[in-house]
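Visitor: So that we are looking at the same thing, I have put the structure below in structure tokens.
The values are calculated or read from the model by the stated rules, or taken from the named source; none is laboratory data. All values derive from a computational prediction rather than experimental measurement. No Cβ is skipped: glycine too gets one built from the backbone with ideal geometry, and neighbour counts run over all protein chains shown. Ligands, DNA and RNA are excluded from the accessible area calculation, which covers all protein heavy atoms including side chains. Shrake-Rupley method; radii C 1.70, N 1.55, O 1.52, S 1.80 Å.
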Amino acid sequence: MIRNLIIGGVLSAVFVCAALISFVWTPYDHAALDIANKLKTPNALHLLGTDHFGRDILSMIMVGARTSIAVALVAVGIGMGLGVPLGLWAAARQGTWLDELIMRGNDLVFAFPSLVIAILITAIFGAGAINAIIAIGIFNIPVFARITRGAALSLWRREFILAARVAGKTAARISVEHILPNVTNLLIVQGTIQFSLGILAEAGLSYVGLGAQPPTPSWGRMLADAQTLVSIAPHMALVPGFAIILTVLGLNLMGDGLRDYLDPRLRVARV
């Protein structure tokens with residue numbers, strides 16, 4: 001429904017705007033320590049309170065949004081940039097050894113959750129946001145490959161594709177000129193969903209210490225810092241928790257709205 005698209009777009013836009021504004025302004029320096037004002041509840045000076053080091057939580061949420069969005073965006077870009085060509089390639093060579101190789105490779109990646117991949121990468125290269133991006137991006141590749149292949153297979157049997165083949169176009173040219181434009185809507189919707197999952201994955205990796213490292217704020221790291229202080233400073237856990245919930249909710253609602261809006265069958269029904 002268009003309502004879901006609007007609500008999801010507004011929620012997502014709030015956090016994107018907060019992330020963009022944090023490049024030029026935050027209420028306080030997100031890394032500045034003020035022990036005298038630690039664990040303050042929300043007040044006129046600190047709208048969302050302070051943490052156990054006296055850092056302003058609103059400033060950390062704004063910079064943390066930048067971290068989460070950047071990690072998820074690049075990770076989805078990696079997944080889409082590699083997964084979509086692989087899916088198109090597999091569909092164009094359906095039933096061949098190449099198709100089998102690509103799909104069994106996807107199954108192999110699916111066998112290892114992103115957290116396990118992140119642990120393996122961290123053990124070799126060390127913890128950090130870059131390694132989190134790589135881990136989440138690797139897990140996104142088979143998702144987009146499967147989605148693209150599944151959608152492309154049905155198109156390869158359509159009359160306009162047969163006409164293109166009769167005209168002498170190669171499989172690669174058909175994939176780029178005819179298949180890809182017809183699966184773009186599906187990829188946009190799936191990209192939105194994977195973007196929300198990327199934010200959750202980044203928060204989870206940061207929570208266990210495998211994501212962005214201090215002093216760079218991260219919503220997952222903020223939750224980890226707050227877990228032993230919930231009884232005396234619940235706002236430390238509630239604020240980043242709600243930030244994650246609202247961002248993921250907004251992206252999921254926007255994905256549902258985009259799916260309904262871009263679905264040609266529903267578009268005809270609305271007309």
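Visitor: Restricting to segment 2-28, give me the number of residues that are surrounded by fewer than 13 Cβ atoms within 10 Å (Cβ to Cβ) and either over 14 Å from residue 253 (Cα atoms) or touching a Cys at 6+ places or on another chain (Cβ under 6 Å) (or both).
Guide: 4
Visitor: Quick check: is even one residue across segment 258-269 hydrophobic (A, V, I, L, M, F, W, C) and assigned to a loop (DSSP other than H, G, I, E, B)?
Guide: No, there is no match, as no residue in segment 258-269 is hydrophobic (A, V, I, L, M, F, W, C) and assigned to a loop (DSSP other than H, G, I, E, B).
Visitor: What are the pairs with Cβ atoms under 9 angstrom where one residue, in segment 1-13, is of a type in the set (A, V, I, L, M) and the other, located anywhere, is part of a helix (DSSP H, G or I) and open to solvent by 100 Å² or more (accessible area, probe 1.4 Å)? Sequence gap at least six, or different chains.
Guide: 1/261; 2/261; 2/270; 5/261
Visitor: Restricting the first residue to segment 240-259 and requiring it to be open to solvent by less than 60 Å² (accessible area, probe 1.4 Å), which pairs with a second residue that is among the charged types (D, E, K, R) meet a Cβ separation below 8 Å and a spacing of at least six or different chains?
Guide: Here the result reads 257/3, each pair linking segment 240-259 to a residue that is among the charged types (D, E, K, R).
Visitor: Here's another thing I want to ask about it. For segment 25-35, indicate whether the set of residues that are of a type in the set (A, V, I, L, M) and under 22 Å from the mean Cα position of the chain (by Cα) is non-empty.
Guide: no
Visitor: Touching a strand residue (DSSP E or B) at 6+ places or on another chain (Cβ under 9 Å) and either surrounded by fewer than 15 Cβ atoms within 10 Å (Cβ to Cβ) or part of a strand (DSSP E or B) (or both): is that true of residue 39 in this structure?
Guide: Taking the combined requirement at face value, the residue does not satisfy it.
Visitor: Output the residue which, of all residues in segment 135-171 that are β-branched (Val, Ile, Thr) and buried (at least 18 other Cβ atoms within 10 Å of the Cβ), is farthest from residue 216 (Cα to Cα).
Guide: 161
Visitor: Of these, 106, 131, which one is polar (S, T, N, Q) and in contact with a Pro (Cβ under 7 Å, 6 or more places away or on another chain)?
Guide: 106
Visitor: A further question follows. With the structure loaded, tell me whether residue 65 is buried (at least 17 other Cβ atoms within 10 Å of the Cβ), within 17 Å of residue 238 (Cβ to Cβ) and touching a residue at least 24 places away in the same chain (Cβ under 8 Å) or whether it fails that test.
Guide: yes
Visitor: Residue under question is residue 52, and the condition is that it be in contact with a strand residue (DSSP E or B) (Cβ under 6 Å, 6 or more places away or on another chain) and open to solvent by less than 60 Å² (accessible area, probe 1.4 Å); does it hold?
Guide: no
Visitor: Out of the residues in segment 210-267 meeting the condition of being of a type in the set (Ser, Thr, Tyr) and closer than 30 Å to residue 125 by Cβ, tell me which one is nearest to the chain's Cα centre (by Cα).
Guide: 247
Visitor: A follow-up question, please. Taking the options 174, 193, name whichever one is of a type in the set (Val, Ile, Thr), open to solvent by less than 40 Å² (accessible area, probe 1.4 Å), in contact (Cβ under 8 Å) with a residue 40 or more places away in the chain and out of contact with any strand residue (DSSP E or B) (no Cβ under 7 Å at 6 or more places or on another chain).
Guide: Matching residue, one of 174, 193: 174.
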